[in-house]
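Reading through the structure tokens given below for one structure.
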Amino acid sequence: MISQRPHEQINTSTSFLDKIFKYSERGSNARTEVIGGLTTFLTMAYIVFVNPAILSDAGMDKSALITVTILATAIGTLIFAFLANAPFALAPGMGLNAFFTYSLVIGEGIHWTQALGVVFISGMIFLILAVTGVRKYIAEAIPKELSIASAAGIGLFLAFVGLKGMGVIAADEATLVSLAEFTPTVIISLLGLVLMGIFEVKKVKGGILISIVITTALSIALGYVELPTSIISAPPSIEPVAFKLDIIGALKFSLIGPIFSFMFIDMFDSLAFLISCCKQMGLEDEDGNVKGLSKMLYADVTSTLIGSLLGTSTVTTFGESAAGIAAGARTGLASVVTAGLFLVTLLFTPLLGVVPGYAASPALVLVGVFMFSSIRQVDFNDSKIAISAFVTILLMPLTYSISIGLCFGFISYIIMHVVANETNKISFTLWIIGALSVINLILS
């Protein structure tokens, strides 16, 4: 009898988890959920290095950003786990963090506290649109092709920022940009990019993370980076960036475009990704609608608001969650595992802090490749679509601004359809978006 008690206790514990997450109903089990959560963590852990590297360029405290990135990721993922019971992880979005630093703070010349205010306001608008049901009309008004083109354009923008961070490209008075000098750190960074590509081809889980670790270790061995004085310690304080957002300062007419851009990118990236993955998992009703999609979007936008308060750019559903889903994850239990692993990394912040920017920057290039791959869904046989999509994609990296690329995309889409006498494809909402785009460009 005594030997059976541990077994009985395990069954009781498993039953308790099953009551909360209902993984049996979805054809899964606790072990599979744990593996799925671990897989998601390994594929997205690089955000702990990359997000602080990007946001610190905006003048924010890098040590504090490491802690904030981990906390925002863990909190957002736990909210998703318990509110939506789905195997998705959230973190500061790639592209959105670059938009925050390079388009808003550096490009627009505003302070990072105001940029955090922009993120908060965009999140509040997203929440209001979701509660009132207006989100549905905006989602239907934005042409699918422009949504796809914006993802591809952000991919190019990220790759451009990544190459700059690696030191591969540099400013040039004659050609604007040119190939930079191949210093030892540039060579190490290129090695990191090659390793990431190899790991991706070989389908190695956590390939980006492994590459960052290898290039950092090589930098330490060659004397370009100093070893930390300790391996485990209390995480850095978030005080330098937490609750520093300037909402009043962000309430400027000139920032309407960036506010809308943050909301647009977060809304449509999340919608497209969630719908695609949920249908893959069979989480849809008889009419083909995703079950619990509203709760998922509420979890997404709530995480954005919390992230802006903590001191980071827009927190959104991470595409790397697909790796955990592919490993069999079907419920929020997997997300709990992912969040728990991120919280454990708080103990190792001294190690995280030594990662140089040139070791993390190759991740931007590879993520850019992933995002740019969506371009194959654009119908370039239709000139109206081809021109507006091309303008959107091209101008994001060339103007160093995601919002300006979006504005030109919306305007060109409307013009092309007016010229083709197809104004019936332009909704009233899209006309308003076009007008706001014109105003934003004039103010810019």
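Points worth noting:
- G353 at pLDDT below 90, more than 30 Å from S24 (Cβ to Cβ) and buried (at least 19 other Cβ atoms within 10 Å of the Cβ): no
Yes/no per residue for (1) of a type in the set (V, I, T); (2) in contact (Cβ under 8 Å) with a residue 40 or more places away in the chain:
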{"site": "S276", "(1), (2)": "no, no"}
{"site": "V290", "(1), (2)": "yes, no"}
{"site": "V301", "(1), (2)": "yes, yes"}
{"site": "T304", "(1), (2)": "yes, yes"}
{"site": "A322", "(1), (2)": "no, yes"}
{"site": "A327", "(1), (2)": "no, yes"}
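- Members of segment 57-76 found to be within 14 Å of the chain's Cα centre (by Cα) and over 18 Å from L352 (Cβ atoms), listed by number: G76
- In segment 291-308, of all residues being at pLDDT below 95 and among the small types (G, A, S), the one that is farthest from the chain's Cα centre (by Cα) corresponds to G292.
- Listed by first and then second residue, the pairs linking a residue in segment 132-153 that is under 18 Å from S388 (Cβ atoms) to a residue that is surrounded by fewer than 15 Cβ atoms within 10 Å (Cβ to Cβ), with Cβ atoms under 6 Å apart and 6 or more places separating them unless they lie on different chains, are I148/Q377.
- Residue match in segment 257-264 (condition: in contact with an Asp or Glu (Cβ under 8 Å, 6 or more places away or on another chain), closer than 30 Å to R330 by Cα and modelled with pLDDT under 95): no
- So E140, is it surrounded by fewer than 17 Cβ atoms within 10 Å (Cβ to Cβ), acidic (D, E) and either at positive phi or touching a Ser or Thr at 6+ places or on another chain (Cβ under 8 Å) (or both): yes
- Where helices (runs of 4 or more DSSP H) fall entirely within segment 86-168, those with at least 1 residues that are over 30 Å from D18 (Cβ atoms), in contact with a strand residue (DSSP E or B) (Cβ under 8 Å, 6 or more places away or on another chain) and not basic (K, R) are at 144-166.
- Residue in segment 273-287 that is among the charged types (D, E, K, R) and touching a Ser or Thr at 6+ places or on another chain (Cβ under 8 Å) present: no
- Residue match in segment 158-172 (condition: at pLDDT 90 or above and of a type in the set (F, W, Y)): yes
- Taking every residue in segment 8-34 that is within 14 Å of S335 (Cβ to Cβ) and pairing it with any residue that is among the basic types (K, R) and at pLDDT 90 or above, at least 6 positions away or on another chain, the pairs with Cβ-Cβ distances below 9 Å are F21/R330; Y23/R330; R26/R330; S28/R330; T32/R330; E33/R330.
- Qualifying position, being within 30 Å of V344 (Cα to Cα), touching a Pro at 6+ places or on another chain (Cβ under 8 Å) and surrounded by fewer than 21 Cβ atoms within 10 Å (Cβ to Cβ), among I231, I220: I231
- Positions within segment 221-241 being among the β-branched types (V, I, T) and modelled with pLDDT under 95, in sequence order: V225, T229, I231, I232
The values are calculated or read from the model by the stated rules, or taken from the named source; none is laboratory data. Please read these numbers as outputs of a predicted model, since none were measured by experiment. Counting neighbours? That spans all protein chains shown, and the Cβs are built from the backbone with ideal geometry, glycine included.
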